[in-house]
Amino acid sequence: MKTKIVDIGMNHETAPIELRECLAAGPESTGRILSALRGLSCIREGMFLSTCNRIEVLFTSDREAEAKEAVLSLMSALGELPRDTLSGRFYSLEGMDAVKHIFRIASSLDSMVVGEPQILGQIKEAYRRATQERTSGVIVNRLMHRAFHVAKRIRTETGICSSAVSVSYAAVELAKKIFHSLDGKNVLLIGAGEMAELAARHLVNNGITSMSVANRTFERAVDVAARFEARAVSFDEIAGEIVDADIVICSTASPEPVITFEQIKTSLRKRRNRPLFFIDIAVPRDVEPRVNKLANVYVYDIDDLKGVIALNVEQRKREAVRAERIVQEEVFKFAQWLNTLSVVPTIVALQEKADAIVQAELKKSYNLLGHLTDTQKGAVQVLARSIAEKVLNDPILFLKGKAERDAGDTYLDVARRLFNLDSNRGEKYGSESDDH
Amino acid sequence: MRSPWFFLALLFDLLATGGYIVYLIKQEKWVSRASCLILFIGFVFHTVFLCVQYAALGTAPVLDLKSAFSFFSWCVVLVFLVFHLKFRIMVLGSFVAPFAAFLMIISSAMPWAAGPVKPIFKSIWLTVHVTTIFLGNGLFAITFVAAIMYLIQERQIKRKRFGSFYSRLPSLATLDSINHYALICGFPFLTLGMITGSIYAQVALGSYWQWDPKEVWSLVTWLFYAALLHERLTVGWRGRRAAVMSIVCFCILLFTFVGATLWVKGYHDFTSIGTGGA
């Protein structure tokens, strides 16, 4: 009878990457899933979230067992996988557990990298699709808005998102602590590995506009440069390029250091001592460690960066405890709201019943009263209505007040029986009152 | 001459210092805003105090060491408030406010001088000389504070060990540019202060330059700051070296201000020119 919130999903902990790949849905299959959800009679509202790390189907239903089966069939059809492979991988959460799960996802507490910021954008997009496909309703709307609110609270009230936990992000953060702003800074990429490209991509996203790429094989340099709208330079030009560079990312496979102490020392004067930041992600290292001793030169190798990250991960774990408390608080608030929602049908039924009685009795009275002017008729109508409303006022307030309590259901039940709201003789209110 | 305005200024400076220290620990934005407001209120009280003093003495209230410290503190806060408008770096206050309060505490610990003011001090040149010198000092105090912050932050980044200051302090570039701006603004004030000082000496004592110890030390300070400015502008000195140098310069400046006054006798010596002095 009562509508339940259910979440069926799997994440990086319950399912291996191979399985998640099969189910990773593009925009068009998201649309298909949503329209399938809309088509199911056992599902009232629904939403579908698919990222590379997780799949979640959130829905509300009166018949949750049937709905769960239907959703699992949908998933197996989406991944073209047999049902048995899936069933063990999916978790299914109901009621406040599902609400808590959604809040934790939105605030990135359930992510592989706790605190990573992308998930909120993804979940917002998923919700946008659901509203577009008109699969969301009162409960899902409210749930998602609360989820965004929780995510924002956690972001501002805890330090969970404040520190870098990936190598390239850590490098960007450090660069900002040295240069303040990355606008107008020059980046030199020496060697063009995948990691270096990732770091460069992060820098570009943070305002770097000028970049040069140097590589042993010039073709590869040209290749990478094209992707970043950068200049390709030959390996021999590095010494000259360093004079203009502010940030140098090294990732060559060279067994010998590419950047030497003497080389940098001589370039310092030409650089007018502008700060120089080396991000050395090559193993073995490309930059002589001694270079770090030079004034205004900062060298971070891969271990240093990992050290920064390890510290941040520790900090995030501490912050996560505070974040969980916020989630708990908000789940409680949501539960309260949901309970008040459960009173609404009863109140509406009460008002409808009263209205029907008023109408029926008015009809009878008009016959007895003979001819009345329109004003008189109106006055009688107002009289009857306000009596009914005044009588119902206290019971309604009482029900609303009790809704937030656990015992709310009992009072609802009593109220429905007391006012006989669940009988099928709804249309016969008038004749009923005749009998008494 | 006791004044309630002085104690109000001292009280608010101390309150602001407390607030800024809380901000340093708690990192709540409103705390720093409140502290800044308190500091400003203290500054207003201090300004009132200086005006009252000026009216009473008929000249700038800097004739004894007590007043000089209080005026120094006023200049530091003035410069900080102006810098705050430009750079909006909240944490700067956590370093400047304690310094300003420290100067006020020293000032408050000294005895109030009383007595008639000798006519030679009632010269506009004295007011101009003292005001420019102390505004320069205030700006140099900012370079000093920014240099200390720079060294703390730089050490953490160089050593790759991040303490609680790492996230609280601004970037190296910001700290360096505060240092740079304060130096560029402070140097002309110092120069102007010395020139007007010598004009005042000519007017009052009949000689531009007397090899008085304070004059000599001021010249030394000026030369050091000139060297720092020169290196910054031509060679492109910056960062750690510039920070260390500005700390050295400021120490010389403090010695000139206090040391040359207390330990070396000369006509700048406050006991001889003080209101109650000979």
**Complete:** Restricting segment A:174-194 to residues that are hydrophobic (A, V, I, L, M, F, W, C) and in a strand (DSSP E or B), the one nearest to the other protein chains (Cβ to nearest Cβ) turns out to be A:187
**Message:** Cβ-Cβ under 9 Å, sequence separation 6+ or interchain: first residue in segment A:31-42 and more than 16 Å from residue A:63 (Cβ to Cβ), partner surrounded by fewer than 16 Cβ atoms within 10 Å (Cβ to Cβ) and hydrophobic (A, V, I, L, M, F, W, C). Which pairs?
**Reply:** A:36/A:77
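Residue by residue, here is whether (1) in contact (Cβ under 8 Å) with a residue 24 or more places away in the chain; (2) assigned to a helix (DSSP H, G or I); (3) touching a His at 6+ places or on another chain (Cβ under 9 Å) holds:
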site	(1), (2), (3)
B:24	yes, yes, no
B:46	yes, yes, no
B:61	no, no, no
B:66	yes, yes, no
B:73	yes, yes, yes
B:92	yes, yes, yes
B:100	yes, yes, no
B:105	yes, yes, no
**Request:** Look at residue A:159 and say whether it is more than 12 Å from the chain's Cα centre (by Cα), within 14 Å of chain B (Cβ to nearest Cβ) and more than 28 Å from residue A:282 (Cβ to Cβ).
**Result:** yes
**The one condition in (1) in contact with a helix residue (DSSP H, G or I) (Cβ under 7 Å, 6 or more places away or on another chain); (2) away from chain B (no Cβ under 14 Å); (3) within 30 Å of residue A:195 (Cβ to Cβ) that residue A:320 fails to fulfil** = (1)
**Prompt:** Hey, among B:229, B:233, B:223, which residue is farther than 17 Å from residue B:128 by Cβ, free of Cβ contacts under 8 Å to residues at least 24 places away in the same chain, outside any loop (DSSP other than H, G, I, E, B) and more than 14 Å from chain A (Cβ to nearest Cβ)?
**Reply:** B:223
**Message:** Exactly one of these conditions fails for residue B:178: (1) of a type in the set (Val, Ile, Thr); (2) within 14 Å of chain A (Cβ to nearest Cβ); (3) surrounded by fewer than 19 Cβ atoms within 10 Å (Cβ to Cβ). Give me its number.
**Reply:** (3)
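Residues are listed down the side, and each one gets a yes or a no for (1) under 30 Å from residue B:168 (Cβ atoms); (2) in contact with a His (Cβ under 8 Å, 6 or more places away or on another chain); (3) not aromatic (Phe, Trp, Tyr):
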residue: A:174; (1), (2), (3): yes, no, yes
residue: A:188; (1), (2), (3): no, no, yes
residue: A:228; (1), (2), (3): no, no, no
residue: A:232; (1), (2), (3): no, no, yes
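Yes or no, residue by residue, for (1) outside any helix (DSSP H, G or I); (2) touching a Ser or Thr at 6+ places or on another chain (Cβ under 7 Å); (3) basic (Lys, Arg); (4) not assigned by TED's automatic domain parsing to the domain that holds residue A:419:
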| residue | (1), (2), (3), (4) |
| --- | --- |
| A:310 | no, no, no, yes |
| A:314 | no, no, no, yes |
| A:319 | no, yes, no, yes |
| A:323 | no, yes, no, yes |
| A:329 | no, no, no, yes |
| A:335 | no, no, no, yes |
| A:347 | no, no, no, no |
| A:351 | no, no, no, no |
**Message:** Here is a list: A:350, A:369. Which entry is surrounded by fewer than 18 Cβ atoms within 10 Å (Cβ to Cβ), over 30 Å from residue A:189 (Cα atoms) and either in contact with a helix residue (DSSP H, G or I) (Cβ under 8 Å, 6 or more places away or on another chain) or not basic (Lys, Arg) (or both)?
**Reply:** A:369
**Prompt:** From the list B:68, B:60, B:100, which residue is small (Gly, Ala, Ser) and over 26 Å from residue B:200 (Cβ atoms)?
**Reply:** B:100
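The values are calculated or read from the model by the stated rules, or taken from the named source; none is laboratory data. Only a predicted model underlies this, so the values are computations on that prediction, with no experimental measurement involved. With ideal geometry, Cβ positions are generated from the backbone for all residues, glycine too; neighbour counts draw on all protein chains shown.
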